[in-house]
Amino acid sequence: MIVFSFAAGFAHAEEPFSFENTPGKLPKDIVPIRYSIDLAPDLDRATFFGEEVIEVDVERPTQKIVLNSLGLEITRGTLITTVATSRGGALALPAPEIDAAEQTATFHLKEILPPTRYIIRLSFTGKLTEAPEGLYISRFQKDGKDRRALATQFEATDARRMFPCWDEPVFKATFSLAVTVPSRFQVVSNMPASEPKEVIGGLVNYHFAETPKMSTYLLALCIGDFEKLEDEIDGIKLRIFITPGKLDQARYAMEATKKVLQYYNDYFGVKYPLPKLDQVALPSTGAGGMENWGCIVFNDNALLYDPATSSQQTKERVFAVVAHEIAHQWFGDLVTMAWWDNLWLNEGFASWMGTKATDHFNPEWKVWLRASESKNWAMRLDSRATTHPIQQRIANESQAIDSFDEITYSKGQSVLRMIESWLGEEPFRDGIRGYMKAHAYSSSTTADLWRALEESSGKPVHEFAAGWTEQPGFPVVRVGEQPELPDTVTTLSQERFTIHQANAAPLLWQIPVVVGPAGDPLHGTVLLLKGSAPEKETFEADVAIKANLGDQGYYRSQYSAPHFKRLRKAVPHLAEADRLNLLNDTWALVEAGRMSPADYFNLADTIADQPTPTELGDIIRVLASIDTMERGAENQAGFRAWAIRFLKPHLAQLGWDAKPDETPLDSNLRASLIQTLGLFGDPATVHEARARFIVYLENPASLAGNLRGPVFFTVGRNADEATWDKLHSLAKNADSFEQKRALYAALTSVRDPALASKTLALALTNELIAPDAARIVGRVSFDGEHPELAWDFAREHLEALLAKLSALGVNDYVPGIFRGFTDATRADELEAFAKKNLPPAVAHSVAKTADEIRFQAEFKQRALPEIDAWWKEKK
């Protein structure tokens, strides 16, 4: 087995961008230059008709034209050539050979095409569905009546569902789009539109200006009865389109957009290049946000904020998602990864940049501090056998879809933050600016980024970074001492950190370890830990030593018993980031079997004397995960009683109602405490939630936005049939999708099995948009603690449920339902069912879920007796 030591470089170094060497499935002998697309959708018939003219360059002689097409009927094709052939300048193309598995259409020609410029004309038809992929129907309600809009979701590989195309990111081209629709509709796309021209039968035609060169997945089209909010910043026209009745809820997003756009114009050194930036909010989308260039499409719960009824969490989410998607206008749109193996160049960077901007404008939210939650979730997954490198080989469409995961987003963000810290903010920014200028309107690989950062910093970035992006997992830094050395000498060494993983490859990384006296970050030292041999550092004797000061490194730290003992005593002197890091590392080490549960609980008990909202929030998440393990166990009631006694004083200190001087973090903590105490069945919390709900029914304004989610959840969890019916009625009639989703979530949390069955039945109705309806089943399984009931229902109605989902949703659907189980035999059942009944595309999601179920079963057996012994002693 090979052990990589990056002092000598990475064995499989990636090359800079080259069109010819970029992976992909389509031949590169024909390259599209320009698309002109004319589309006519028919909502009533749920179909569309299209014609397109594609200008292409034939680079090498070929006798076939291969492009992507999925679910389309190509009714006619013509090839227009500028060179003489025996058939003349225009050739009728034969009927294409359709390969549904490869998602291609191939035109086999009678003559070889010599290299030159050609024009391909195609006519085609397709169908509209509610599955959020390609051009799809987005359904919503207004005043109790169903309405419909159309939108596109093309990433990763669904542009081919709307028009035949070279649907791989490296095939950049320009796009001119024309659309014919009923005159009542507005139409939005990437570029500005000319004034609509009337055609026959109450229809109008919109024609949009030509786009810059871009990948197919960034093309956008939205059609509907929209309201519009307008503004301008730095000469860029800004518009937000929303479904009727929600105009005021878009104002916060507009203000966030103006701040972020100016910030990015300065940071990147390349100004936003399009004349306008549109944002469209719809209830049903393929993602929380989709970064189509100049026409970002959002799920409305990621763009709309109502100060009177929305929660602080919604406010934060809106700013963060807006910042993320606008960052994509540079990372992803202006410069695009050449192939999906480098997706992190889009998503990891947008996550990092969005968090950086959100923190810049909202320092009171402590965004980087709280980003430790997503980092730790990514590390948890990254420690398992089912993980993958940030840069992973992508062979087909299914793998491309699956790559949109926590490793790509959260690990990517965390590694970038670590590299920025190592290089320094200014050299890092200068490198990003150079990268943008060098690759604008083109494609790139990770090697191109490392080269730009090396030029700006003078440091060997590729040598340092390759281990973090090109191999799976991450290290644990062991902080200890050696008997033969003086007690002032601390040793640091590394090894791979794993959880529930046998025989993992013993990898090494280059780790920038910031280590120093606890509570004294100014005297920290940066050690670049490279190989397997320990590094030594001298500190004063008997001083508590903390590694990963500031929590900017993507690694765990494990301390010898004397070091950990000194750290526990020094907890009051640690910065908040270091206390959080110590908590998270300790719990991860418990999961890995490297420390005992008592180590974590004793540490948490020390911190909980005077916790910050972020620290207590982290402890609450651990308690909730333990409660999941306790389900069905004889000690669950006792554990919940102890947890209630532990948490109630903190809610009493905060109170149910906001104080004038409290921070946004206090607001979030209050909601978390109420929901967790409601989950654990605290009688006082349940009583107060019911009382406030009764008042809310008479006066909705009485219930603050921050309290609505936890109050609805607690009332729903303990609902009788009359209460269930009331919640259901409110959910059906709510115009706000934030409120609608919170109310349906309350129905999925219900404990009564008979009422849970009523909730499950809603998944087959049209009350909710299609993806939300299908997801009810998984939520009943996990949130409602009815996995068997949910799985029985899903198995009976699986075909109808899967029809409501995109390809990504389909891949994760059945595994998502099984996440409510913690019995190892259920992992066997999931794998057997998937092998017999589900497509191969679900294999990765099935493997991850089966591994998690088996880990939970093992961890319960190993750790739960110790956990129960600890809290029983504290009773």
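The values are calculated or read from the model by the stated rules, or taken from the named source; none is laboratory data. Being a predicted model, the structure only gives us computed values, none of them experimental. Heads up, the Cβs are rebuilt from the backbone with ideal geometry, glycines too, and the neighbour counts pull from every protein chain shown. Heads up: the accessible areas ignore ligands, DNA and RNA and are worked out on the full protein's heavy atoms, side chains in. Shrake-Rupley method; radii C 1.70, N 1.55, O 1.52, S 1.80 Å.
See the values below:
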item	result
Residue check for ALA338: small (Gly, Ala, Ser), open to solvent by less than 10 Å² (accessible area, probe 1.4 Å), farther than 18 Å from ILE419 by Cα and in contact (Cβ under 8 Å) with a residue 24 or more places away in the chain	yes
Qualifying helices (runs of 4 or more DSSP H) (wholly inside segment 639-747; at least 2 residues being open to solvent by 30 Å² or more (accessible area, probe 1.4 Å) and among the small types (Gly, Ala, Ser))	683-698, 721-733
Helices (runs of 4 or more DSSP H) within segment 405-469 that include 1 or more residues in contact with a helix residue (DSSP H, G or I) (Cβ under 8 Å, 6 or more places away or on another chain) and under 14 Å from VAL335 (Cα atoms)	425-439, 446-457
Test for VAL711: is it touching a Lys or Arg at 6+ places or on another chain (Cβ under 6 Å) and β-branched (Val, Ile, Thr)	yes
The one condition in (1) farther than 26 Å from GLN313 by Cβ; (2) under 22 Å from the mean Cα position of the chain (by Cα); (3) charged (D, E, K, R) that GLU738 fails to fulfil	(1)
When residues of segment 274-298 are limited to those that are at negative phi, in a loop (DSSP other than H, G, I, E, B) and not polar (S, T, N, Q), the one modelled with the lowest pLDDT	GLY286
Qualifying residue in segment 413-423 (condition: aromatic (Phe, Trp, Tyr), over 22 Å from ARG621 (Cβ atoms), touching a Lys or Arg at 6+ places or on another chain (Cβ under 9 Å) and open to solvent by less than 40 Å² (accessible area, probe 1.4 Å))	no
Segment 61-82, residues that are surrounded by 16 or more Cβ atoms within 10 Å (Cβ to Cβ), at pLDDT 95 or above and not small (Gly, Ala, Ser)	THR62, ILE65, VAL66, LEU67, ASN68, LEU70, LEU72, ILE74, LEU79
Test: residue in segment 802-810 that is modelled with pLDDT of 95 or more, surrounded by fewer than 23 Cβ atoms within 10 Å (Cβ to Cβ) and over 16 Å from PRO753 (Cβ atoms)	no
3 or more residues among the aliphatic types (A, V, I, L, M) and within 20 Å of GLU133 (Cβ to Cβ): qualifying helices (runs of 4 or more DSSP H) within segment 760-862	770-782, 798-802, 807-818
Qualifying position, being in contact with a Ser or Thr (Cβ under 8 Å, 6 or more places away or on another chain), of a type in the set (D, E, K, R) and modelled with pLDDT of 95 or more, among ARG121, ARG148, ARG161, ARG139	ARG121
Answer from ARG795, ARG779 - the residue that is touching a Ser or Thr at 6+ places or on another chain (Cβ under 8 Å) and open to solvent by 20 Å² or more (accessible area, probe 1.4 Å)	ARG779
Any pair with Cβ under 7 angstrom, 6 or more apart, that starts in segment 350-362 at a residue that is open to solvent by less than 30 Å² (accessible area, probe 1.4 Å) and modelled with pLDDT of 95 or more and ends at one that is polar (S, T, N, Q) and part of a helix (DSSP H, G or I)	SER351/SER410; SER351/GLN413; TRP352/GLN413; THR355/GLN413
Per-region count, segment 629-638, residues exposed (fewer than 15 other Cβ atoms within 10 Å of the Cβ) and not in a loop (DSSP other than H, G, I, E, B)	1
When residues of segment 241-295 are limited to those that are free of Cβ contacts under 8 Å to residues at least 40 places away in the same chain and of a type in the set (A, V, I, L, M), the one surrounded by the fewest Cβ atoms within 10 Å (Cβ to Cβ)	LEU247
Search result, residues across segment 319-335 that are crowded, with 24+ Cβ neighbours inside 10 Å and β-branched (Val, Ile, Thr)	VAL322, ILE326, VAL335
Scan of segment 36-60 for residues that are of a type in the set (Gly, Ala, Ser), at negative phi and either surrounded by fewer than 20 Cβ atoms within 10 Å (Cβ to Cβ) or in contact with a helix residue (DSSP H, G or I) (Cβ under 6 Å, 6 or more places away or on another chain) (or both), ordered by number	SER36, ALA40
Where a residue in segment 566-586 is in contact (Cβ under 8 Å) with a residue 40 or more places away in the chain and farther than 17 Å from THR490 by Cβ and its partner, wherever it lies, is of a type in the set (Asp, Glu) and not in a helix (DSSP H, G or I), with Cβ under 6 Å and at least six apart	ALA577/ASP551; ASN581/ASP551
Conditions (1) free of Cβ contacts under 8 Å to residues at least 60 places away in the same chain; (2) over 25 Å from VAL181 (Cβ atoms); (3) touching a Ser or Thr at 6+ places or on another chain (Cβ under 7 Å); number of the one not met by THR78	(3)
Residue tally, condition more than 13 Å from THR257 (Cβ to Cβ) and in contact (Cβ under 8 Å) with a residue 40 or more places away in the chain, over segment 321-335	5
Residue in segment 92-112 that is part of a strand (DSSP E or B), aromatic (Phe, Trp, Tyr), within 24 Å of PRO212 (Cβ to Cβ) and modelled with pLDDT of 95 or more present	no
Pair list, Cβ under 6 Å, 6 or more apart: segment 160-188 residue over 13 Å from GLN103 (Cβ atoms), other residue among the aromatic types (Phe, Trp, Tyr) and open to solvent by less than 20 Å² (accessible area, probe 1.4 Å)	ALA173/TYR35; PHE175/TYR35; LEU177/PHE208; GLN186/PHE226; VAL188/PHE241
Within segment 115-224, strands (runs of 3 or more DSSP E) holding 2 or more residues that are basic (Lys, Arg) and either under 16 Å from GLY50 (Cβ atoms) or open to solvent by 30 Å² or more (accessible area, probe 1.4 Å) (or both)	117-127, 145-153
Cβ pairs under 8 Å, 6+ apart, first in segment 100-112 and within 18 Å of ALA90 (Cβ to Cβ) and of a type in the set (Val, Ile, Thr), second outside any loop (DSSP other than H, G, I, E, B) and open to solvent by less than 30 Å² (accessible area, probe 1.4 Å)	ILE112/THR62
Residue satisfying all of: in segment 570-611; among the β-branched types (Val, Ile, Thr) and at pLDDT below 95; most open to solvent (accessible area, probe 1.4 Å) among these	THR606
Residue within segment 383-391 that is assigned to a helix (DSSP H, G or I) and touching a residue at least 24 places away in the same chain (Cβ under 8 Å) present	no
